[in-house]
Amino acid sequence: MKQTEIEKLVPFILRNSKVYYLVITDLEGKYIYVNELFQNRFSFLTDNFIGYPSQKTVHPEDNGKCAQASVECIMNPNTRVEVKVRKPENTGNDYYWTQWEFSLFQDKNNNPIGILCLGHDITETQNSILKAKEYSEKIESMIENITDGFYVLDRNWKILAMNLVAEDTFKVTPGSLLNKYFWDTFPDNPAYKYPIEFRKAMTNNCTVRFKDFYFETGRWFSIVAYPSKEGLTVFFREITNEKKMEAELLDSKSKLSAILDSSSDSNILISPDYKIISFNRSAYQNSLKLINRELKEMTSILEYIMPEDRIEFNNDFQNALDGHIIRKEKEIQFEDFRIWTEVSLFPVYGHEKKVIAITYNAMNIEKRKRAEEKLKRSEYILSAIYNSSSQGITIIDKNLIIIYFNKVIQTITNEIFEREIKVGNIVLEFLFPDLKTEFSNYFHKVLEGETFQIEKKYKQKWWLFSLYPVYDEEHKLVGIANNLEDITERKKNELRVIHQNEKLKSIAWNQSHQVRKHVANILGLCIQIKDENLKGNPNQTQYLNYLNHSAEELDKIIHRIVSETDTTSYDI
C-alpha cells in the first residue's frame, strides 16, 4: 500500500500531531508509516523508517511485550492494547519511557494490513512514579528505623500507619491496628492530655507539642502531632528517665538555691558575653548596699564593677574563660569606704567540656584581714619580746613538733648540734643524748599542766631547761614552751659560795673549838699566876712554858684562819 493511500486512512490530526507518535508496521513488524513527530524524534536511528524493523527502536527486553500486543490485536480486531515500552535515547545506551496503544490497521475492505501504534512520551511521569515509589520505600524504611514511635490518623480518626516502635510500646501485634478507630483502642479520658491536644491540632490545623503521663504503665511520653489535609501525624518518645532526672535536678536546684541564698557570699553566674544569668540573695543585697544598684539578670556585670577595677576584672574573666580558676584578695574602694574582699572566678563546663559560663564569688573578709593585721602586730611584739630574751625559747606542739623558736635558740643549736633548727622539726633532734628519755617523761607531765626546771651539764657548760604548758585563748592546752638558758657562770658562782661556806664553817669551827681552847688555857694560867705569888715558886717555869705553848698554838690557828679567809678563787 502506498503512503498516499495510508495517509487517507489516517486522520489528519494524528498525522500532524505534535504530541503523539503515529507509526504503522506490517504484520512482520517493519515500519510502513511514521508521522513527522516520530521521524524527527528518532532520526538518529535512520533517515528513512519505511521498511525499518520496529524491533530496533525498542529496548530488547520490551520486544516481547510488543509482539504479544500485536498478536492480541490480530486475534481481536476491535481491541486496543496498551503497552509501555522503552525507546532509545540519542546518547549512549540510555532509554526513556513511552506509552502506546496498539490496534489492528485495516484497508477499506477490512483486510488486515498491519498494526497501528499511537504513543507519547511518559518518561517524566514514569520517573516521578519511580521516584515516588522509591521515596515511599525510603520513608517507610525511615519510619520503621526511627527510635520514636510513629502513627498516622485520618480525619475520621482511623489509624492509617504505625511503626514497630509504636506497636511495641502499645503491646499490639504488628499491623493489627491499621484502619481501626483510634478511640476504640486509646481511651478518650480527660485525665490524659492527648485527647484534647489531638483534637486541637486537627481542628485548628496547628502543630501541638506536649508531655503526657500514661497511668497504666507509669511511663512519661513527649508527643508532637503535625496536622495535614489527610489527618494527623504523631511522633512520640518515652521520657520516663528524663522526667526522673528532671525531678532530681529540680530538687537539686532547689537545694542549691537554698544553700546559695543562705550563704553570706555573693554568687553570680555570668555568660561568656558578660551577661548576668543568675545570682543569689546575698549578691542582690550587697549590690544595693555597696553601690546602691539593683542587680538584674541579662545586664552586663561590668556595670557593677568599680571603674578602676574593670581592666583587672576583664583580664581575670578572660583567664577564667580559658579554664583557669582565679582567686585573689582585694581591698575595694567604694565611694566612702574600703572593704577587703576575697574574689573567685570559676569556669563552668557544658556537656562538651567547653566553658559555658563563669561563677563569680565575692566574700567579705574585712574582719579576717583586720584580725590578721592585729595578729601580725601581736606577732611582731611577741617576736621582739622573744628575741630580746637571753633565753633560748622553743614552742612545741603536742606531737613534739617545733612550731616556733627565737634567735637565741637558733644560735645555740647551731653551736651545739652544728645544724640549723627549723619549724616542723622534731624537738628530740635538738636535745642532749642523755636528756631525751628524761625529757619525754617531763613532756607528758607538762601536757597535764605541771612545770619543771632541770639543770644539766653538757660539754663543760651548765644549762637550765624550763618546761611550761602553753594555752590558747580558750585556755586549751596546745603544747609546751621549752626555755633553755646557759647558767655556767651562775653555776660557778654558786660553787664558789658553797666552797666559801665550807671554809667559813671550818673557820667558825676553829674559832669555836681551837682558838677558844688556847684562849681558855691562857686565861686559866693568868688567873693562876694572879692568885699565887709565883716569885720564888718552883712551878713558875712550868706555868710560863704552858703560857708560851698556848700563845704559839693560838698564833698558828690565827694564821691558818687568815690564810683560809684570803683564798678568793677556786677551780670548779
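The values are calculated or read from the model by the stated rules, or taken from the named source; none is laboratory data. Predicted model, so just to flag it, every value in this text is computed and none were measured. Cβ coordinates were reconstructed from backbone atoms using ideal geometry, including for glycine residues, and neighbour counts include every protein chain displayed. Just the protein is used for accessible areas: all its heavy atoms, side chains included, with ligands, DNA and RNA removed. Shrake-Rupley method; radii C 1.70, N 1.55, O 1.52, S 1.80 Å.
Is it the case that some residue within segment 194-206 is at pLDDT below 90 and either aromatic (Phe, Trp, Tyr) or touching a strand residue (DSSP E or B) at 6+ places or on another chain (Cβ under 8 Å) (or both)?
No - not one qualifying residue is present in segment 194-206.
Mind checking which residues of segment 167-186 are under 14 Å from residue 231 (Cβ atoms), open to solvent by 40 Å² or more (accessible area, probe 1.4 Å) and of a type in the set (Phe, Trp, Tyr)?
The one that is under 14 Å from residue 231 (Cβ atoms), open to solvent by 40 Å² or more (accessible area, probe 1.4 Å) and of a type in the set (Phe, Trp, Tyr): 181.
Of (1) more than 21 Å from residue 355 (Cβ to Cβ); (2) touching a residue at least 40 places away in the same chain (Cβ under 8 Å); (3) outside any helix (DSSP H, G or I), residue 295 satisfies all except one. Which?
(2)
What is the residue count in segment 324-365 for residues that are open to solvent by less than 30 Å² (accessible area, probe 1.4 Å), of a type outside the set (Val, Ile, Thr) and not in a strand (DSSP E or B)?
Number of matching residues: 2.
Would you pick out the residues in segment 1-37 that are among the hydrophobic types (A, V, I, L, M, F, W, C) and in contact with a helix residue (DSSP H, G or I) (Cβ under 9 Å, 6 or more places away or on another chain)?
1, 19, 22, 23, 24, 27, 32
Consider residue 98 carefully, then state whether it is closer than 30 Å to residue 13 by Cα, modelled with pLDDT of 90 or more and either surrounded by 14 or more Cβ atoms within 10 Å (Cβ to Cβ) or not β-branched (Val, Ile, Thr) (or both). Walk me through how you get there before you give the answer.
Working: closer than 30 Å to residue 13 by Cα: yes; modelled with pLDDT of 90 or more: yes; either surrounded by 14 or more Cβ atoms within 10 Å (Cβ to Cβ) or not β-branched (Val, Ile, Thr) (or both): yes.
So residue 98 passes the test.
From the list 558, 529, pick out the single residue that is modelled with pLDDT of 70 or more, in contact with a helix residue (DSSP H, G or I) (Cβ under 8 Å, 6 or more places away or on another chain), of a type outside the set (Ser, Thr, Tyr) and surrounded by 15 or more Cβ atoms within 10 Å (Cβ to Cβ). Outline the logic, then answer.
Numbers: 529 fails: modelled with pLDDT of 70 or more.
Only one candidate passes the filter, namely 558.
For segment 211-227: of the residues being within 12 Å of residue 194 (Cα to Cα) and open to solvent by less than 40 Å² (accessible area, probe 1.4 Å), which is farthest from the chain's Cα centre (by Cα)?
In this case the residue turns out to be 225.
Quick check: anything in segment 274-293 within 25 Å of residue 367 (Cα to Cα), basic (Lys, Arg), surrounded by fewer than 15 Cβ atoms within 10 Å (Cβ to Cβ) and modelled with pLDDT under 85?
Among the residues of segment 274-293, at least one is within 25 Å of residue 367 (Cα to Cα), basic (Lys, Arg), surrounded by fewer than 15 Cβ atoms within 10 Å (Cβ to Cβ) and modelled with pLDDT under 85, which makes the answer yes.
Within segment 538-555, work out how many residues are outside any helix (DSSP H, G or I) and either modelled with pLDDT of 70 or more or open to solvent by less than 80 Å² (accessible area, probe 1.4 Å) (or both). Reasoning before the result, please.
First, pick out the residues of segment 538-555 that are outside any helix (DSSP H, G or I): 538-539.
From the residues that got through so far, the ones that are either modelled with pLDDT of 70 or more or open to solvent by less than 80 Å² (accessible area, probe 1.4 Å) (or both) too are 539.
Number satisfying all stated conditions: 1.
For segment 14-45, what are the residues that are of a type in the set (Ser, Thr, Tyr) and either surrounded by 15 or more Cβ atoms within 10 Å (Cβ to Cβ) or closer than 19 Å to residue 83 by Cα (or both)?
17, 20, 21, 25, 31, 33
Of all residues being of a type in the set (D, E, K, R) and at pLDDT below 90 in segment 136-160, which is surrounded by the most Cβ atoms within 10 Å (Cβ to Cβ)? Just the residue, please.
Going through the qualifying residues, I end up with 148.
In the set 303, 230, 308, which member is of a type in the set (Asp, Glu), more than 24 Å from the chain's Cα centre (by Cα), open to solvent by 70 Å² or more (accessible area, probe 1.4 Å) and modelled with pLDDT of 90 or more?
Numbers: 230 fails: modelled with pLDDT of 90 or more; 308 fails: modelled with pLDDT of 90 or more.
Matching residue, one of 303, 230, 308: 303.
Identify, please: which residue in segment 259-273 is surrounded by fewer than 12 Cβ atoms within 10 Å (Cβ to Cβ) and modelled with pLDDT under 90 and is, among those, nearest to residue 348 (Cα to Cα)?
My answer is 259.
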